[in-house]
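Notes for the one structure printed next.
The values are calculated or read from the model by the stated rules, or taken from the named source; none is laboratory data. Keep in mind that this is a model prediction, so the values were computed, not measured. Positions of Cβ are generated from backbone atoms using ideal geometry, with glycine treated the same way; all protein chains shown enter the neighbour counts.
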Amino acid sequence: MNRTRSFVLLAGLSPWVAGCRDTPQAKAREAQAVEATRKQELARRLAAADANPEKPAAVAEWLMPPELREISGLTLTSRGTVLTHDDNVARIYEVDPKTGILLKGFSLEGGVRGDFEAITTAGPDVYLLESKGKFYKFKEGADAAQVPYATFETKLGNVCEFESLVYEADSTRLVMACKKIRGKNAPHEVLIYRFPMPLDRATMSTLTVPIEDISGSTKWKDFHVSDITIDPFTKNYVMISSREKGILVLTPDGDVVRSGPLPGDHRQPEGIAITKDSLLLISDEVNGRPAAITVYRWRP
Amino acid sequence: MKSDRPVRRLVAYYVIVAIIVAILAYFFPTEIARIAAKGLGDVPEGPSVLTDALSSPDTSVTFGLGSILGVAVNTVLILIGALVLILPVTWVYMSARPSGGQHNQNVVQTLVILPMVVAGIVFMVQNSLALAFSLAGVVGAVRFRTTLRDSRDLVYIFLSIVVGFAAGVQSLAVGAVVSIVFNFVLIITWRYDYGRNMLMPTAAAQWSRPLNALASPTAEHQVPDRDLMLSLTPEKVNALADRFDRVRNTIGKKKKARYNSVLHITTDKVPEAQQQVEPVLDRMTKRWDLDEIVTNVGKPSEIFYLTRIRKSFPRDVLLTAVHENANGVIVSADVETGEVPEGKGSDKDKG
């Protein structure tokens, strides 16, 4: 008799408990509800920023959920959203930078662990880069999916520590800047490796820019590249440095276009992307402040 | 909490826990994933709205009633998870003791409490190097000096620390696998007396030194009296005297060793096994004697035969014959050969 009562009680409670559940459908409804409002608000802030171009200010700062507290690289998708990832586990998330909605997340098969530092999209493929120069190539997955992947070893791990990667569509090559050149007497320069597609170590080329050419009015003795992206308007390389808290713009030939401090207050900037509608996105890992993607108006 | 059927109880317990976890995971997937498999590759399903720090600047301050409640719920879940995983370990600890061995209640209680303490510490320390160093300093100031009676107890303590760690880093799935595998491996090794040397005395460990000295094949049989006085109580002296009387009666008055091996049978059907095994012994040994039948609860009983195997029948042949004759009746059979040198000439009589 007691058992029957327990089952009846459980059956009665189940729908109530199920209703409280954070279902994907409930989350989708909530996202839909705020989408339009947020787009309007962003448009208003952008108009205000455009009215005052001398004073660069953030137009949005999306705080990341706990699973992205160690957010790293950023890359744009063809839909105008960005893909970002966790630093320690190969989990990729899609965020809409205009609405601050985390659209989906997927991971590489088997929950691959590593020191993942940068991400880029190259057509239908996505490349994730480990700090020792290993690429993970995969296709974008559905929400909560696990996707298969292939790897490519650049064997540059003993030369450089990497945190940046971008796909240069015009010349169909992957571009990765060295964060730190290994060795006691390493030269003070920005060293960039370029891998034409298909990936082959034999066709790799390098570009070096001495720090003297970069520092200009800054007091930088080095520039530790945290991420790199390509300006969609000028096709220049745009790099940021977490240590120097600076931004550097180079032409693909290595000429310095601009160098200087980052806008706003960034404790640990790890990723950069520039959208076709002139938005500069910078991701910050948790460091005294919550992890976030900050949005600015981009002026080349 | 000792059990006559420890394996069945373990299986039943884990099945019930698995069902409860499955139900909870259905209703509260995020919470269960957070404590069971944080960082193992899964990602939460469905879109989520991120907070805009520019609209609500206070959001950078994440301390509030909600966050306190969240941390509290997480902590409680972690502690419950650690408790759920360690309970069967304590049952195994209490059940799987060597014959006549008693468990230590202090160890049982330590096993229950330790993983919760470790989980709490790890949960607090994780991701903070500063806290980890502080903890090392605090622990360095508190000294633990406990001598465990049985070295196996140490393994249980290690396991409880592992479960505590797994709970603390919110990877209870790892703790669950470790705990389940540990329990079953331990139960099986206990059930089949894995690694037991049958010629070792089954008496309490403190008897072993004088007994070993007495049984020494080097003929240096002098056991200092002080060793016996240090190791034996009057009751144990009487018990030991009874055992030696029995051994004397079994061996007889001849100068040479009558037996050179022990046949160890494990079975659930003792009388049937005896009926099947003893004709084989008649055929293949010079003499044999039923030494002891140990009736076990929760695992097969044991029969020990003292034997003197014929030279024409090596050990393997005897074992094969025993298995063939008693197929289906015995669980296992083994022959342990002693190092007693065989004298010239041999007895012809049967035991």
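See the values below:
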read-out: Single match in B:Val174, B:Val107, B:Val142, B:Val125 (criterion: assigned by TED's automatic domain parsing to the domain that holds B:Val21, surrounded by 15 or more Cβ atoms within 10 Å (Cβ to Cβ), of a type in the set (A, V, I, L, M) and modelled with pLDDT under 75); value: B:Val125
read-out: Residue in the range A:253-260 that is surrounded by 15 or more Cβ atoms within 10 Å (Cβ to Cβ) and free of Cβ contacts under 8 Å to residues at least 40 places away in the same chain present; value: no
read-out: Every residue from the range A:236-276 that is among the small types (Gly, Ala, Ser), in a loop (DSSP other than H, G, I, E, B) and closer than 14 Å to A:Glu117 by Cβ; value: A:Ser242
read-out: Boolean, A:Ala43 is of a type in the set (A, V, I, L, M, F, W, C), at pLDDT 80 or above and in contact with a helix residue (DSSP H, G or I) (Cβ under 7 Å, 6 or more places away or on another chain); value: no
read-out: Every residue from the range A:126-144 that is over 17 Å from A:Ser226 (Cβ atoms) and part of a loop (DSSP other than H, G, I, E, B); value: A:Glu140, A:Gly141, A:Ala142, A:Asp143, A:Ala144
read-out: Residue list for the range A:41-93, filter: of a type in the set (Asp, Glu) and either within 14 Å of chain B (Cβ to nearest Cβ) or in a strand (DSSP E or B) (or both); value: A:Glu41, A:Glu61, A:Glu67, A:Glu70, A:Asp86, A:Asp87
read-out: Total residues in the range A:280-293, condition within 14 Å of another protein chain (Cβ to nearest Cβ) and part of a strand (DSSP E or B); value: 6
read-out: Unique residue being closer than 21 Å to A:Glu54 by Cβ, more than 16 Å from the chain's Cα centre (by Cα) and not hydroxyl-bearing (Ser, Thr, Tyr) when the list is A:Val209, A:Val295, A:Val257; value: A:Val257
read-out: Set A:Gly80, A:Gly114, A:Gly105, A:Gly110: member being among the small types (Gly, Ala, Ser), modelled with pLDDT under 95 and buried (at least 20 other Cβ atoms within 10 Å of the Cβ); value: A:Gly105
read-out: Selection status of A:Ala31, at the interface with chain B (Cβ under 7 Å from one of its Cβ atoms), in a helix (DSSP H, G or I) and touching a residue at least 24 places away in the same chain (Cβ under 8 Å); value: yes
read-out: The lone exception for B:Ile303 - which of (1) at pLDDT 90 or above; (2) surrounded by fewer than 16 Cβ atoms within 10 Å (Cβ to Cβ) it fails; value: (2)
read-out: For B:His264: the one exception among (1) part of a helix (DSSP H, G or I); (2) at pLDDT 80 or above; (3) not hydrophobic (A, V, I, L, M, F, W, C); value: (1)
read-out: Residue satisfying all of: in the range A:219-245; over 16 Å from the mean Cα position of the chain (by Cα) and charged (D, E, K, R); surrounded by the fewest Cβ atoms within 10 Å (Cβ to Cβ) among these; value: A:Lys219
read-out: Odd one out for A:Arg289 among (1) touching a helix residue (DSSP H, G or I) at 6+ places or on another chain (Cβ under 7 Å); (2) more than 19 Å from A:Asn52 (Cα to Cα); (3) at pLDDT 90 or above; value: (3)
read-out: Candidate set from the range A:107-119 (those that are part of a strand (DSSP E or B) and more than 15 Å from the chain's Cα centre (by Cα)); member that is nearest to the other protein chains (Cβ to nearest Cβ); value: A:Ser107
read-out: Lone qualifier among A:Asp87, A:Asp22 - being of a type outside the set (Lys, Arg), at pLDDT 85 or above and farther than 17 Å from A:Ala142 by Cβ; value: A:Asp87
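Results for (1) within 30 Å of the chain's Cα centre (by Cα); (2) buried (at least 18 other Cβ atoms within 10 Å of the Cβ); (3) not in a loop (DSSP other than H, G, I, E, B), shown as yes or no for each residue.
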site	(1), (2), (3)
B:Ala239	yes, no, yes
B:Asp242	no, no, yes
B:Asp245	no, no, yes
B:Thr250	no, no, yes
B:Lys253	no, no, no
B:Arg258	no, yes, no
B:Glu272	yes, no, yes
B:Gln276	no, yes, yes
B:Pro279	no, no, yes
